[in-house]
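Peer 1: Dropping a structure here in structure tokens format, bear with me for questions.
The values are calculated or read from the model by the stated rules, or taken from the named source; none is laboratory data. Just so we're clear, the structure is a prediction, and the values are computed from it rather than from any experiment. Here the Cβ positions follow ideal geometry from the backbone for every residue, glycine too, while neighbour counts run over all protein chains shown.
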Amino acid sequence: MPTTPQELTRLHRDEATVERVVELLDRDGLAIVEDYLSPEQVAAKRADLQRVLDEVPTGRNEFEGFETRRIYALFAKTRAFDEEAVDPLLTGVLDRVLGDAQLSAPVGISIGPGESAQPLHRDDAVYPLGDPKPELVLNTMWALDDFTEANGATLVAPGSHRWSEPRPPEQVETVPATMPAGSVMFFRGSLLHGGGANRTDRSRLGVILHFCAAWLRPQENHVLGVPREVVRELPPRLQDLLGYGVTGPFVGNVDGRHPRKYLA
């Protein structure tokens, strides 16, 4: 098991293929792709998210973080991540890992100075299906600041997605998933992880695009959370990811019809 951040395998955008990312997800539970966004893209996304964050309160509990601001209903409030949600690498990995998928809990996360480390958790634990579970959840974390050990880089326990038995927290070795701004980390919903403590005087901003299998109920209700007039203008694949799709022959239909017919 890796024990230092340097031992986490890192890919550059040019060498990141669906096959390579899935290989690392199978082995480690995560895959970091550095420099996936350009500095100009990072700056534009940070500016737009800061506009939203200025109106967002800090968290209400230890899990949300009392010094952390979270942008829920992300696709109702910004267009900053429309392209990333349907990025070919991301959707290729989704198709391989989850098959039909939908957005579950996309959220912007600004970890503020003085924030403590988030409790370790598995994102697929919200679904009480027992272990071993099928593949239910896949996440991407997009770094809009440099993620460092000091400012709250996500703590991960590589390989924990393969553990057959739970382990007490004191026996779980974690490493910070450090990465430069513009990077993206793919990680399985079964991987133990948590936001790190921010011991600096500046906030650390990232965006999680959190996906679940399309046959599950997502954590957020996007059909109510994202106004219909906004959804009408989005690409069809993103409409599907927000709940306007059908899985198999019937799951997600509206009065026997495809839900996109009701956007017109």
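Peer 1: Give me a count of the residues in segment 37-52 that are part of a loop (DSSP other than H, G, I, E, B) and surrounded by 14 or more Cβ atoms within 10 Å (Cβ to Cβ). Working first, answer last.
Peer 2: The first filter runs over segment 37-52 and keeps only residues part of a loop (DSSP other than H, G, I, E, B), leaving 37-38.
Among the residues that remain, those that are also surrounded by 14 or more Cβ atoms within 10 Å (Cβ to Cβ) are: 37.
Of the residues in segment 37-52, 1 are part of a loop (DSSP other than H, G, I, E, B) and surrounded by 14 or more Cβ atoms within 10 Å (Cβ to Cβ).
Peer 1: If you don't mind, there's one more thing I want to ask. Answer yes or no as to whether Arg232 is exposed (fewer than 15 other Cβ atoms within 10 Å of the Cβ) and touching a residue at least 24 places away in the same chain (Cβ under 8 Å).
Peer 2: In short, yes.
Peer 1: Any idea how many residues of segment 218-250 are over 24 Å from the mean Cα position of the chain (by Cα) and more than 16 Å from Ala76 (Cα to Cα)?
Peer 2: The number of residues fulfilling the criteria is 3.
Peer 1: I would also like to ask the following. Identify, please: which residue in segment 145-186 is under 29 Å from Lys133 (Cα atoms) and among the aromatic types (Phe, Trp, Tyr) and is, among those, farthest from the chain's Cα centre (by Cα)?
Peer 2: Applying the filter and picking the extreme gives Trp163.
Peer 1: Which pairs have Cβ atoms under 7 Å, sit 6 or more apart or on different chains, and link a residue in segment 146-172 that is over 28 Å from Ser203 (Cα atoms) to one that is charged (D, E, K, R)?
Peer 2: Sorted first by the residue in segment 146-172, then by its partner, the pairs are Gly159/Asp28; His161/Arg188.
Peer 1: Quick one: count up the residues across segment 151-173 that are within 24 Å of Cys212 (Cα to Cα) and among the β-branched types (Val, Ile, Thr).
Peer 2: Within segment 151-173, the subset within 24 Å of Cys212 (Cα to Cα) is 153-166.
Filter once more, keeping what is among the β-branched types (Val, Ile, Thr): 154, 156.
Residues flagged as within 24 Å of Cys212 (Cα to Cα) and among the β-branched types (Val, Ile, Thr) within segment 151-173 amount to 2.
Peer 1: Let me ask another. Within segment 172-210, count every residue that is in contact with a helix residue (DSSP H, G or I) (Cβ under 6 Å, 6 or more places away or on another chain) and over 24 Å from Ser38 (Cα atoms).
Peer 2: The qualifying residues number 6.
Peer 1: From Pro88, Pro119, Pro113, which residue is without any contact (Cβ under 8 Å) to a residue 12 or more places away in the chain and surrounded by fewer than 23 Cβ atoms within 10 Å (Cβ to Cβ)? Outline the logic, then answer.
Peer 2: Working: Pro119 fails: without any contact (Cβ under 8 Å) to a residue 12 or more places away in the chain; Pro113 fails: without any contact (Cβ under 8 Å) to a residue 12 or more places away in the chain.
Only one candidate qualifies: Pro88.
Peer 1: If I ask for residues that are over 14 Å from the mean Cα position of the chain (by Cα), of a type outside the set (D, E, K, R) and more than 21 Å from Arg69 (Cα to Cα), which ones from segment 109-140 would you list?
Peer 2: The answer is Ala125, Val126, Tyr127, Pro128, Leu129, Gly130, Pro132, Pro134.
Peer 1: Every residue in segment 11-64 that is in contact with a Leu (Cβ under 9 Å, 6 or more places away or on another chain), over 26 Å from Gln118 (Cβ atoms) and of a type in the set (D, E, K, R), please.
Peer 2: If the condition is that a residue be in contact with a Leu (Cβ under 9 Å, 6 or more places away or on another chain), over 26 Å from Gln118 (Cβ atoms) and of a type in the set (D, E, K, R), then Arg13, Arg20 are the ones that fit.
Peer 1: Which residue out of Glu55, Glu67 is surrounded by 16 or more Cβ atoms within 10 Å (Cβ to Cβ) and more than 28 Å from Glu135 (Cα to Cα)?
Peer 2: Values: Glu55 fails: surrounded by 16 or more Cβ atoms within 10 Å (Cβ to Cβ).
Exactly one of Glu55, Glu67 is surrounded by 16 or more Cβ atoms within 10 Å (Cβ to Cβ) and more than 28 Å from Glu135 (Cα to Cα), namely Glu67.
Peer 1: Let me ask something else about it. Restricted to segment 136-161, and to residues that are out of contact with any Asp or Glu (no Cβ under 8 Å at 6 or more places or on another chain) and surrounded by fewer than 18 Cβ atoms within 10 Å (Cβ to Cβ), which residue is nearest to Arg199 (Cα to Cα)?
Peer 2: Ala150
Peer 1: Follow-up. Six or more apart or on different chains, Cβ atoms under 6 Å: show the pairs whose first residue is in segment 34-47 and basic (Lys, Arg) and whose second is at pLDDT 95 or above and surrounded by 16 or more Cβ atoms within 10 Å (Cβ to Cβ).
Peer 2: Lys45/Ala80; Lys45/Leu144; Arg46/Leu144
Peer 1: Please enumerate the residues belonging to segment 9-19 that are part of a helix (DSSP H, G or I), out of contact with any Lys or Arg (no Cβ under 9 Å at 6 or more places or on another chain) and exposed (fewer than 15 other Cβ atoms within 10 Å of the Cβ). Show your work before the answer.
Peer 2: Taking segment 9-19 as the starting set, the residues that turn out to be part of a helix (DSSP H, G or I) are 13-15, 18-19.
When the remaining residues are screened for being out of contact with any Lys or Arg (no Cβ under 9 Å at 6 or more places or on another chain), the result is 13-15.
Listed by number, the residues that qualify are Asp14, Glu15.
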